Amino acid sequence: MSDFGFLKTHRTWEDWCGMLLGALIVVSPWFPIQDQPTIVGHETMILNAVAVGLVVFGISQLEYVALQRWQEVMTILIGLWLIASPYVLGYSGGGFLRIYHTSLGAVVVLLGILQLWQDWDLNDQDLLGHRQ
């Protein structure tokens, strides 16, 4: 039986994965398969994608440097916003951007839940020393 011990500890690859997700979210309105006429005139949608991607990227960088639980909670909340944003901002119609944002948001939420689960029992001193 395999042991999932490698998932019990917060590792730096998870922070790098969060940074990669943030970068993918920033460029998601311009993915090659995306219908370009769909994004024309939707500055709010583009601004949302760029802002959410930068926040995910920034929080992941903060987790890499100095880990704290609020960062993981914010990661989960921003991922949930990314899932809901196509419906709230009105670009949930046809097109792949809704699928991109729902999928990327779900991965961000799952990553945040994994990190929160890993760090749940750690005290503040252990959180600050997670990179050593």
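Just how much of MET74 is accessible, in Å², when a 1.4 Å probe is used and the result is rounded to the nearest 10?
Surface accessible to solvent at MET74 totals approximately 80 Å².
LEU20 to TRP70: extension gain in nm, 0.36 nm per residue of separation minus the Cα-Cα distance? Don't jump to the answer; show the numbers that get you there.
Numbers: separation 50, 0.36 × 50 = 18.00 nm, distance 2.01 nm.
Full extension of this stretch gives 16.0 nm more.
With each label point set 7 Å from Cα along the Cα-Cβ vector, what nm distance links ILE113 and LEU77?
1.9
Working out 0.36 nm times the residue gap between VAL27 and SER92, then minus their Cα-Cα distance, what length gain in nm do you get to one decimal? List each step's numbers first, then the result.
Numbers: separation 65, 0.36 × 65 = 23.40 nm, distance 1.79 nm.
My answer for the length gained is 21.6 nm.
Taking a probe of 1.4 angstrom, what is the accessible area of GLU63 in Å², to the nearest 10?
About 0 Å², ignoring ligands and nucleic acids.
Which residues in the stretch 46-75 have a backbone N closer than 17 Å to a point placed 7 Å from the Cα of TRP13 along the Cα-to-Cβ line?
Counting backbone N atoms under 17 Å from the label point, the list is 64.
For the pair LEU54/ALA84, report the inter-label distance in nm, with labels modelled 7 Å from Cα in the Cβ direction.
It is 2.2 nm.
FRET efficiency for ILE99 and THR44, Cβ-Cβ distance as r, R0 = 22 Å, nearest 0.05? Intermediate results must be reported in sequence, preceding the final value.
Values: r = 19 Å, r/R0 = 0.85.
About 0.70, to the nearest 0.05.
The values are calculated or read from the model by the stated rules, or taken from the named source; none is laboratory data. Bear in mind that the values here come from a model prediction, so they are computed numbers and not experimental data. In this analysis, Cβ positions are derived from the backbone assuming ideal geometry, glycine residues included, and neighbour counts consider all displayed protein chains. Surface accessibility is based on the protein's heavy atoms, side chains included, excluding ligands, DNA and RNA. Shrake-Rupley method; radii C 1.70, N 1.55, O 1.52, S 1.80 Å.
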